[in-house]
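Below you'll find the structure, written out as structure tokens, and then a few comments.
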Amino acid sequence: MDKVIIAENLSLAYSKDETIINKANFSIDSGSFVFITGASGSGKSTLLKSLYGALKPVEGSLVVGGVELRGVANSKLNFLRKHLGIVFQDYKLVKEWTIEKNIMLPLIINGYEKSITQSQVDSLLKHVRLKHQSGKYPLELSGGEQQRVAMARALAHNPILILADEPTGNLDDYSSQLIWNLLEGANEQLKTTVIVVTHHIPEAMKVEYKHYHIEFGDIHEVV
Amino acid sequence: MKSFKNHISLVIALVSILFSLQIFTIVDRAINAYKENLAKNYSLVVVSQKTFQSKEMLNKINQLAAIEELSPDSVIKKLNTGISKKNIQLLKLTLPKFYKFKLKIYPTPAELQKIKKQLLKYPYITKVETFSNTHDTTYKLLLLFKNVISVLAVSILLVTILLIFKELRIWQFKHNERMNIMGLFGAPTWLRSAVLFRLSIVDALIAFGISFVIFSYFASSSWVSEQFANIGISVVVFDKIYDSLIMLGVSVIVSILLASFIVLGHKEEV
Ligand SMILES: Nc1ncnc2c1ncn2[C@@H]1O[C@H](COP(=O)(O)OP(=O)(O)O)[C@@H](O)[C@H]1O
Ligand SMILES: [Mg+2]
């Protein structure tokens, strides 16, 4: 099976004094559904940052979608990021844009046609139950609603890899289920690889999933 | 309201730059017009022992605009008490010639001295009256006025630039977030900064529009032209083509420069 991510001896750090991830080895199959757990501050978000190239490896090698991220050039990184769907832990919505415009962002960057963009955004808004809020600005929404906007944006351009950082962290059971359904749907129907950082793996997840745990700077698979 | 706030700070800064620029231009024009006016009313009086060729003199000293011989009749009339016609003729011959020298420019005191020296080199020219006291005072006043206005315009410019640099941090902060997010989704630099450049060009156009309207109003205001007429000059307050183009150019260039600062200063946060 194709590997969408291959990490060899991967070390991540913000400064020389403290290594967050230390010489980790793992690989992720294309089309798989992966959960990442770990204590707060263990380095889950840090690992995701490295996967979308915001934090470059200080040691080892990290290949995502065929692109070596250690010392990657900006143009190559942009090319990779166009095909990723990221849900950030702090959402990272553009405050001065409406919900609708926020969801459009990856479609605009990928050069989709206007008509396709609009119909895609409409359908996503329906899926995350925010149709009636489309003209509002992020700060006019609750945290949970903002999180759903971030989810819709991550799905908009049918990415090859979805990276979601605690995407149900702020949601009630009903909305959480909505998010899991969307992620599962993308994984099953579009064969999108999904990597989710979460504290709570839902019991009812029917998908065949992999589970990695981060502890003491190491990443190991839980079987 | 939201978009109004986004625009206002840069627009105000740009308008004040355009203002100080145009005011400076107007003052410069007014002073030049006034100098021309002074040159018209100003002349040297030259005393010569003999008649000379005006043409030759005009060719030699190129600041000269015209030479006019002053008739001695008025002087003689005053003496005209019981002098015979024959004696008057004699007197006329022995009296030196008086000439009025018109200049093309209103000279600086130094230029004036130079012209005087040049004239005195001719052996038959015995005296050159420059009325230098009055001339120097007028000239210094003019210079003072120009300097005061220049200092004022430069101060406005400096204060504006300081304000802009203070605002730049706020803009940088405000735009960084959006550019950062766009970058995380793979937007190339041009797309990330497109909004910023569009915004700054729109602001430049708004600032230009405001300045255009205000100066067009000044230019057509009878009060303004009266002020200039009072000191005997007419000044182009606002050339709708030439000045407009310069204003537009300055406005657009300054705001694009600012936008470029922000784009170049942008760094992805981790
Ligand atoms: N931008 C940053 N600069 C420096 N240190 C950071 C930064 N972000 C996170 N850290 C540190 O890295 C460690 C892991 O953080 P993080 O990956 O956010 O943990 P979590 O597993 O809760 O997502 C923490 O000790 C945190 O303090
Ligand atoms: Mg985290």
Give me the residue from the stretch B:175-205 that is more than 30 Å from A:Ile162 (Cβ to Cβ) and surrounded by 18 or more Cβ atoms within 10 Å (Cβ to Cβ) and, out of that set, farthest from the other protein chains (Cβ to nearest Cβ). B:Ala204
Residue set A:Lys126, A:Lys76; condition under 24 Å from A:Leu55 (Cβ atoms) and surrounded by fewer than 18 Cβ atoms within 10 Å (Cβ to Cβ); output residue A:Lys76
Checking B:Val235 against (1) farther than 17 Å from B:Leu18 by Cα; (2) part of a helix (DSSP H, G or I), which single condition isn't satisfied? (2)
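Yes/no matrix, rows are residues, columns are (1) under 19 Å from A:Thr192 (Cα atoms); (2) free of Cβ contacts under 8 Å to residues at least 12 places away in the same chain; (3) surrounded by fewer than 17 Cβ atoms within 10 Å (Cβ to Cβ):
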{"site": "A:Glu18", "(1), (2), (3)": "no, yes, yes"}
{"site": "A:Ser32", "(1), (2), (3)": "yes, no, no"}
{"site": "A:Arg70", "(1), (2), (3)": "no, no, yes"}
{"site": "A:Lys92", "(1), (2), (3)": "no, no, no"}
Would you list the helices (runs of 4 or more DSSP H) that sit entirely within the stretch A:41-110 and hold 3 or more residues that are within 13 Å of ligand 1 (Cβ to nearest atom) and under 20 Å from B:Lys267 (Cβ atoms)? A:44-51
Here are the criteria: (1) more than 26 Å from B:His7 (Cβ to Cβ); (2) open to solvent by less than 20 Å² (accessible area, probe 1.4 Å); (3) more than 11 Å from chain B (Cβ to nearest Cβ). Tell me which single one A:Ile99 does not satisfy. (1)
Looking at the stretch A:183-197, I want the residues that are more than 14 Å from every other protein chain (Cβ to nearest Cβ) and farther than 9 Å from A:Phe33 by Cα and have a partner that is within 16 Å of ligand 2 (Cβ to nearest atom) and of a type in the set (D, E, K, R) with Cβ atoms under 8 Å, at least 6 apart or on another chain. Which pairs are those? A:Val197/A:Lys44; A:Val197/A:Asp165; A:Val197/A:Glu166
Residue set B:Ile246, B:Ile233, B:Ile262; condition open to solvent by 50 Å² or more (accessible area, probe 1.4 Å) and either touching a Lys or Arg at 6+ places or on another chain (Cβ under 8 Å) or away from ligand 2 (no atom under 16 Å from the Cβ) (or both); output residue B:Ile246
May I ask you to verify whether A:Ile116 is surrounded by 14 or more Cβ atoms within 10 Å (Cβ to Cβ) and within 28 Å of B:Leu199 (Cα to Cα)? no
Does the stretch B:175-184 include one or more residues that are within 38 Å of the chain's Cα centre (by Cα) and assigned to a helix (DSSP H, G or I)? no
Some residue of the stretch A:191-200 being more than 16 Å from ligand 1 (Cβ to nearest atom) and either among the polar types (S, T, N, Q) or in a helix (DSSP H, G or I) (or both): yes
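The values are calculated or read from the model by the stated rules, or taken from the named source; none is laboratory data. The model shown is predicted, which means the values in this text are computed figures rather than measured ones. Positions of Cβ are backbone-derived with ideal geometry, glycine not excepted, and every protein chain shown enters the neighbour counts. These accessible areas exclude ligands, DNA and RNA; they are computed on the full protein's heavy atoms, side chains included. Shrake-Rupley method; radii C 1.70, N 1.55, O 1.52, S 1.80 Å.
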